[in-house]
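Before any comments, here is the structure.
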Amino acid sequence: KTADKPLWEPHIISAAELRRKAFPTLVWTVDGLLPEGVCVLAGKPKSKKSWLALGICVGVASSGRAFSYYDVTGGRVLYLDLESNQRRMQSRLRSIIGDHGAWPDTLDIVTEWKRGDEGIALLNGYCDAHTDTRLIVIDIWARFRSRIDPKANPYDQDYEALQALNAWAESRH
C-alpha cells in the first residue's frame with residue numbers, strides 16, 4: 001500500500017471510465033473471423049485444421065479472399081509447419097492453388113523452429129526483417145511451446161505459454 005492508494009486500486013476501472021476510454025480500431029486479418037492477436041484453432045486430430053489455416057494463409061499472402069469468400073488484410077505470412085515437411089506442404093498448396101494459379105512469394109514456410117522464448121525471439125527477428133508480416137501460423141502448438149513438465153498441470157503451462165505469445169503478438173500488432 002502506498003500513502004494515497006492501496007496496491008490493488010490501479011487495476012480497477014469503473015464502467016463509466018471504461019465507456020470514455022478510446023481504443024484503436026481492431027484490425028481484422030480475415031474480416032469478421034480472425035482479428036489481430038493470438039487466436040487458437042482447435043479441434044479433433046485429423047479434422048483438417050491445417051488445411052483451414054493454410055487456406056487462410058494463401059488468401060492473406062495473395063491479398064485476395066480467404067476461401068473466395070472472406071475479405072482479408074493482405075500481407076506477408078509465415079507458416080510454421082512443425083509437424084510436416086516441404087513435400088507435404090507442396091502437395092497441399094498444389095491442391096489449394098493448383099498448377100496454374102500464382103503461388104505467393106509472400107507466403108514463407110518453415111519446417112523447423114525453436115521453442116518457447118527462443119521461438120518468440122525468432123518471430124521477433126522475422127517480423128523485424130519482414131515489416132509487412134500480417135499473419136503467423138504455428139502448426140502445431142505442441143511443437144512450439146516450451147516442453148512441458150509432466151508433473152505440472154498441462155492447462156496451466158499452456159495458458160502461461162500462450163500469455164507470453166499473446167503479449168508478444170499484441171506488442172507487434
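Summary of values
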| quantity | calculated |
| --- | --- |
| Sites V110 and I13 - FRET efficiency at Förster radius 45 Å, r taken between beta-carbons, to 0.05 | 0.65 |
| Carbon and sulfur %, accessible surface of the chain computed with the full protein complex present, 1.4 Å | 52 percent |
| Å² of accessible area per residue within the chain, as computed with a 1.4 Å probe and no ligands counted | 69 Å² |
| Net charge of neighbours whose Cβ lies under 15 Å from the Cβ of K46, counting Lys and Arg as +1 and Asp and Glu as -1 | +3 |
| The chain: projected area of the alpha-carbon convex hull, averaged over directions, in nm² | 14.1 nm² |
| Subset of K44/K151; K46/K151; K21/K49; K49/K151 violating a 32 Å alpha-carbon distance limit | K21/K49 |
| Helical contribution to [θ] at 222 nm, DSSP H n ≥ 4, -39,500 (n - 2.57), averaged over the chain, rounded to 500 | -11500 deg cm²/dmol |
| Region 98-173: trypsin sites (Lys or Arg not before Pro) in DSSP loop, at most 11 other beta carbons within 10 Å | R147, K151 |
| Global geometry of region 12-102, whether rounded, prolate or oblate, following the gyration tensor of its Cα atoms and the 1.5 cut on a/c | prolate |
| Sparse-neighbour loop sites [GluC sites (Glu not before Pro); region 31-125; at most 13 other C-beta within 10 Å; DSSP] | E83, E112 |
| P(r) histogram, all alpha-carbon pairs of region 81-173 included - 5 Å bins from 0, percent | 3, 11, 20, 21, 17, 13, 10, 4, 2, 0, 0 |
| Size of charge dipole - region 50-160 - debye, nearest 20, with Cβ of Lys, Arg +1 and Asp, Glu -1, no other charges | 340 debye |
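The values are calculated or read from the model by the stated rules, or taken from the named source; none is laboratory data. Because the structure is a prediction, the values reported are computed rather than measured. No Cβ is skipped: glycine too gets one built from the backbone with ideal geometry, and neighbour counts run over all protein chains shown. Calculation scope for accessible area: heavy atoms of the full protein, side chains included, ligands and nucleic acids excluded. Shrake-Rupley method; radii C 1.70, N 1.55, O 1.52, S 1.80 Å.
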